[in-house]
């Protein structure tokens, strides 16, 4: 299944989408900059929250 069809992304998929390293994404999640949810031991990033994160980041650069 293609990741663009999923409502949530794994940390690895989020890193690929953001073009960041895995440690950078984990750091962003741990400081609350990148929204995430924990399901058992898995950390997932909601696609909608990630898009909102990108929109906020884009506004800061303007």
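Obtain the radius of gyration and the Kirkwood radius of the chain from its C-alpha atoms and give Rg over Rh.
Rg divided by Rh gives 0.95.
What is the spin-label model distance, in nm, from residue 7 to residue 52 if the labels are put 7 Å beyond Cα along the C-beta direction?
1.5
For a quick protection proxy, order the peptides 26-37, 43-54 by their average other-Cβ count within 10 Å, most packed first.
Averaged packing, sorted descending, gives the order 43-54, 26-37.
Rounded to the nearest 500, what is the 222 nm mean residue ellipticity of the chain from helices alone, with -39500 (n - 2.57) per DSSP H run of 4+ residues and division by all residues?
One gets -15500 deg cm²/dmol as the mean residue ellipticity at 222 nm.
Once the Cβ-Cβ distance between residue 16 and residue 59 is put in as r, and R0 is 25 Å, what FRET efficiency do you end up with, to the nearest 0.05?
Efficiency at R0 = 25 Å is approximately 0.60.
Bear in mind these aren't lab numbers, they're just calculated from the coordinates by the rules spelled out. Keep in mind the model is a prediction, meaning the values are calculated, not measured. As a convention, Cβ positions derive from the backbone with ideal geometry for all residues, glycine included, and neighbour counts pool all protein chains shown.
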